[in-house]
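Asker: Supplied in structure tokens, the structure appears directly below.
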């Protein structure tokens, strides 16, 4: 039985506004082309121009992508050169045009189909993950692929960089009209969050708990964190806080998706996802479980594609995805 038969968002229904499966470069057929949702691409381009970041965006080096940081300079470089790729990566997880990650796609579609949802995004950066998901859902509604059910989102973003949080707030303001046009109501709050600091994490978790009161579902997105945790050697210091975060995000109709680039440091034995699996087995077993696609081995799904550059749609760049979907339903 093909995986797509179990899909809530069938690949053949993904509209051309979001995906071109026959994308070619120099006569060679590549693995498709991701197109950012129109509202997100427009808002991003407007912000690049407003903050004078076009020249910085056009000087990106694919071999040395920026990793972000605390300063305005580091944030500007990351926003100008990596935001669109990060958004495309998360969009690829939701659309899953290659049928590689059915569980993750289904969990994201189910969580964002309607009702009242608390959406925790940490580290949220400038909002690439959350706004990519919401804008993609809105575009799928606009093109009548998904039903236009009322969706009330309370977004709680955690990010250590104040300049990045400021960009996220600006972007939310730009996107709100397009979301509301598709019956998506967005309430949001961004907080300083240091995953290596227990007090900072407790404050962030308490905000999630307050937002979750009276909500039907919880969705937790962790994206693009491998560089900080593994390359920075911070996993030991971060582990108690991540445990607290995942435990408090668990419950009925609660899901998480951990999204990273398709790098060996995330997927290989001893890498990030191997470390998470050990936590699932030894520490998180009562409130988190990895969801493995039917018939698949316990390996991390990897997808490779291209994405259209919002500032120069005639050009594209590589986007890679590896991910781990988690069911956060608690065991008694």
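Asker: Can you tell me which condition residue 36 does not meet? The list is (1) part of a helix (DSSP H, G or I); (2) touching a strand residue (DSSP E or B) at 6+ places or on another chain (Cβ under 8 Å), and all the others hold.
Answerer: The one condition residue 36 does not meet is (1).
Asker: In the range 211-266, what residues are under 14 Å from the mean Cα position of the chain (by Cα) and closer than 21 Å to residue 190 by Cβ?
Answerer: Result: 219, 220, 221, 222, 223, 224, 225, 256, 257, 258, 259.
Asker: Right, something else. From the list 66, 62, exactly one residue is outside any helix (DSSP H, G or I) and touching a residue at least 60 places away in the same chain (Cβ under 8 Å). Which is it? I'd like the intermediate steps shown before the answer.
Answerer: Values: 66 fails: touching a residue at least 60 places away in the same chain (Cβ under 8 Å).
Within the list 66, 62, the selection yields 62.
Asker: Now for a different question. Take the residues of the range 191-235 that are out of contact with any helix residue (DSSP H, G or I) (no Cβ under 9 Å at 6 or more places or on another chain) and closer than 16 Å to residue 266 by Cα: which is modelled with the lowest pLDDT? So that I can check it myself, show each step before the final result.
Answerer: Taking the range 191-235 and keeping what is out of contact with any helix residue (DSSP H, G or I) (no Cβ under 9 Å at 6 or more places or on another chain), we get 199, 203, 207, 210-211, 213-216, 232-233.
Those still in the list that are closer than 16 Å to residue 266 by Cα too: 232-233.
Numbers: 232: 65, 233: 74.
It comes out as 232.
Asker: Would you check which residues across the range 247-276 are assigned to a helix (DSSP H, G or I) and in contact with a strand residue (DSSP E or B) (Cβ under 7 Å, 6 or more places away or on another chain) and list them?
Answerer: Here is the first cut: in the range 247-276, the residues assigned to a helix (DSSP H, G or I) are 247-249, 264-267, 272-276.
Result: 249, 266, 267, 272, 273, 276.
Asker: Further question: For residue 14, work out the one condition from (1) over 21 Å from residue 179 (Cα atoms); (2) over 16 Å from the mean Cα position of the chain (by Cα); (3) crowded, with 19+ Cβ neighbours inside 10 Å it doesn't fulfil.
Answerer: Among (1) over 21 Å from residue 179 (Cα atoms); (2) over 16 Å from the mean Cα position of the chain (by Cα); (3) crowded, with 19+ Cβ neighbours inside 10 Å, the lone unmet condition for residue 14 is (1).
Asker: Would you point out which residue out of 101, 113, 93, 126 is under 18 Å from the mean Cα position of the chain (by Cα), touching a residue at least 24 places away in the same chain (Cβ under 8 Å) and more than 20 Å from residue 12 (Cβ to Cβ)?
Answerer: Working: 101 fails: more than 20 Å from residue 12 (Cβ to Cβ); 113 fails: more than 20 Å from residue 12 (Cβ to Cβ); 93 fails: more than 20 Å from residue 12 (Cβ to Cβ).
Of 101, 113, 93, 126, the one residue that is under 18 Å from the mean Cα position of the chain (by Cα), touching a residue at least 24 places away in the same chain (Cβ under 8 Å) and more than 20 Å from residue 12 (Cβ to Cβ) is 126.
Asker: Next question, about the same structure. Going by what's in this entry, would residue 199 be described as closer than 26 Å to residue 275 by Cα and within 16 Å of the chain's Cα centre (by Cα)? Spell out the reasoning first.
Answerer: On the way: closer than 26 Å to residue 275 by Cα: yes; within 16 Å of the chain's Cα centre (by Cα): no.
Spelling it out, it is not the case that residue 199 is closer than 26 Å to residue 275 by Cα and within 16 Å of the chain's Cα centre (by Cα).
Asker: Same structure, new question: Keeping to the range 55-72, report how many residues are within 16 Å of residue 45 (Cα to Cα) and surrounded by 19 or more Cβ atoms within 10 Å (Cβ to Cβ).
Answerer: Taking the range 55-72 and keeping what is within 16 Å of residue 45 (Cα to Cα), we get 55-60.
When the remaining residues are screened for being surrounded by 19 or more Cβ atoms within 10 Å (Cβ to Cβ), the result is 57.
The total comes to 1.
The values are calculated or read from the model by the stated rules, or taken from the named source; none is laboratory data. This structure is a prediction, so every number in the text was calculated from the model and none was measured. Positions of Cβ are backbone-derived with ideal geometry, glycine not excepted, and every protein chain shown enters the neighbour counts.
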